[in-house]
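Let me begin by presenting the structure, written as structure tokens, before commenting on it.
Please treat every number below as a calculation from the coordinates, not as lab data. It should be emphasised that the depicted structure is a prediction, and the values quoted were computed from it without experimental measurement. Cβ atoms come from the backbone with ideal geometry, glycine included; neighbour counts cover every protein chain shown.
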Amino acid sequence: MTTYLTRRLYYDDPYLRRFNARVLQWEEVEDHPAVVLDQTAFYPGGGGQPPDLGTINGVPVLDVRLREHGGGILHLLQGQVKSRDIVGTVDWDRRFDHMQQHTGQHILSAAFWALFRAETVGFHMGSEATTIDLNQKELSEEKVDRAERLANHIVTEDRKVTAHFLKPGEEDLLPLRKQPTVTGPIRVVEIEGFDVTPCGGTHVGRTGEVGIIKVVGVERRSDAMRVSFLCGWRAFDEYSHLQGIVSSVARYLTTGPDDIPGMVQKLKTDLQVTQKILRRTKGQWMKELGIRLTENAKPLGPWHLVVYRLEEGIDPGVLSRVLAEHDDVVAVLGWATGDKAQMILTRGSNVKLDMSDVLRRVAKKFVGRGGGGPERAQGGFSDASILDDAMEYARDLISRDSMP
Ligand SMILES: [Zn+2]
């Protein structure tokens with residue numbers, strides 16, 4: 001048994017949430033006061049499990065870290081702790097959640113190993129889901145389902161979970177699921193009759209405390225398959241959350257939850273048909289509007305000038321293309337979107353004017369930006385109130401340029 005600078009109370013009793021200790025060192029780390037204690041129930045981050053939070057003499061603990069050498073555990077604090085004798089209090093909801101996720105991870109990893117010899121090569125406990133990376137090229141839904149079921153059977157069997165340090169030579173006697181990665185004394189966590197694996201984290205005392213283990217995602221990660229899952233209260237909360245979503249969708253669709261997929265499929269098909277009809281109708285509308293506008297256009301030398309401020313629902317792109325199909329037409333189209341103004345200048349093939357040149361001069365006068373080519377140019381202005389003036393200015397420039 002190795003002696004660390006800080007005695008790790010969470011090894012002996014992961015359920016300890018309040019403890020007395022003495023400060024060995026006061027330090028400052030990253031502009032925060034920090035203390036090293038002679039013993040602690042605070043788990044320092046490591047092995048995929050995040051650090052504990054809580055308080056020391058009422059001062060919030062911001063982070064807990066294990067020193068590489070000497071085994072001291074550093075507690076970063078929000079404020080100073082002056083007395084040598086302290087009382088530490090672990091944020092229990094957070095810690096118990098970590099114990100549920102971590103023990104659930106052992107069970108799920110062991111299930112994948114027992115059923116398919118799929119080895120866990122990575123583990124990360126996130127603030128939402130926990131993930132394991134399996135050394136598999138692919139993972140079928142059926143395999144995931146079988147592993148998930150076995151894992152939940154282990155939970156309902158309420159097996160004992162224990163941890164101890166290996167005695168010399170003991171590793172050869174135990175069926176370790178994976179080889180230890182640490183040097184020095186090796187701590188193993190055992191799920192009675194199911195799994196033995198090296199681990200330095202905190203775990204629940206019986207598998208029943210893990211609660212449900214639910215896989216929520218599988219994705220490929222280079223040469224591994226990443227499985228995301230939730231355990232215990234996280235799974236419960238997610239179930240409530242999803243149930244809320246399903247209920248509100250069912251209410252929207254005035255149907256039962258089971259009919260949602262069929263209903264959504266039908267709505268999607270209906271929408272596609274409607275959109276097709278709408279596109280066709282809109283095209284027809286734009287064509288007719290184009291004809292009406294050109295018929296009423298003002299003669300301008302050999303050409304016809306259309307100046308039109310768009311109404312709601314009109315697609316500027318479609319309308320400008322329709323107008324440009326009329327060889328002798330030159331058009332100024334303007335519209336406002338929110339507090340901004342937009343303008344398209346376009347022309348038919350007979351009109352010998354450079355639209356981008358006209359737009360450039362309009363943009364210069366009304367502080368706008370834009371570009372395009374001789375046949376079509378588009379610009380934007382940050383102030384919608386100038387739209388009418390800018391369109392009139394464009395019309396004047398085109399009239400002037402059209403003079404023989
Ligand atoms: Zn563990």
**Asked** What's the exposure ranking of Lys143, Lys282, Lys268, going from fewest to most Cβ atoms within 10 Å?
**Response** Lys268, Lys282, Lys143
**Request:** Write down Rg/Rh for the chain, rounded to two decimals, with Rg from the C-alpha atoms and Rh from the Kirkwood relation over Cα pairs.
**Result:** 1.27
**Asked** When a footprinting reagent is the concern and you count Cβ atoms within 10 Å, what order do Phe229, Phe19 take, fewest first?
**Response** Phe19, Phe229
**Request:** Calculate, for Leu271 and Arg22, the FRET efficiency according to 1/(1 + (r/R0)^6) with r their C-beta to C-beta distance and R0 51 Å; round to the nearest 0.05.
**Result:** 0.15
**Complete:** Row for region 69-181, column shape: gyration tensor on C-alpha, a ≥ b ≥ c, rounded if a/c < 1.5 i.e. under 1.5, prolate if a/b over b/c, else oblate; value prolate
**Prompt:** How large is ³J(HN,Hα) for each residue in region 16-31, as worked out from phi by the Karplus curve 6.51 cos²θ - 1.76 cosθ + 1.60 (θ = phi - 60°), to whole Hz, x for Gly and Pro?
**Reply:** 6, 10, 9, 8, 9, 7, 10, 6, 8, 9, 9, 9, 10, 10, 6, 6
**Request:** Rank Thr269, Thr103, Thr202 by mean-square fluctuation in a GNM of the chain with C-alpha springs under 10 angstrom and give only the top-ranked residue.
**Result:** Thr269
**Message:** Suppose the Debye formula is applied to equal point scatterers at every Cα of region 179-267; what is log10 I(q)/I(0) at q = 0.10, 0.13, 0.18 Å⁻¹?
**Reply:** -0.50, -0.72, -1.02
**Message:** Over 19 Å between Cα atoms: which of Lys282/Lys352; Lys340/Lys364; Lys214/Lys268 fall into that group?
**Reply:** Lys282/Lys352; Lys214/Lys268
**Request:** Would you please classify the overall shape of region 280-402 from the alpha carbon gyration tensor, given that a ≥ b ≥ c denote the square roots of the eigenvalues, rounded means a/c under 1.5, and beyond that prolate means a/b larger than b/c while oblate covers the rest?
**Result:** oblate
**Asked** What residues have an amide H closer than 5 Å to that of Gln136, excluding those fewer than 5 places away on the same chain, when H is modeled at 1.01 Å from N in the peptide plane?
**Response** Met225
**Message:** Looking only at region 280-402, where both bridge partners belong to it, what percent of the DSSP beta bridges are antiparallel (to the nearest 5)?
**Reply:** 80
**Request:** Could you list which residues have their amide H under 5 Å from that of Arg7, counting only those 5 or more apart in sequence or on another chain, with H placed in the peptide plane?
**Result:** Gln39, Thr40
**Message:** Under the rule of at least 5 residues apart or a separate chain, name every residue whose amide H is placed under 5 Å from the amide H of Gly45.
**Reply:** Asp52, Val64, Leu66
**Fill in**
Ordered by fewest other Cβ atoms within 10 Å, a rough proxy for footprinting exposure, Asp258, Asp38 read Asp258, Asp38
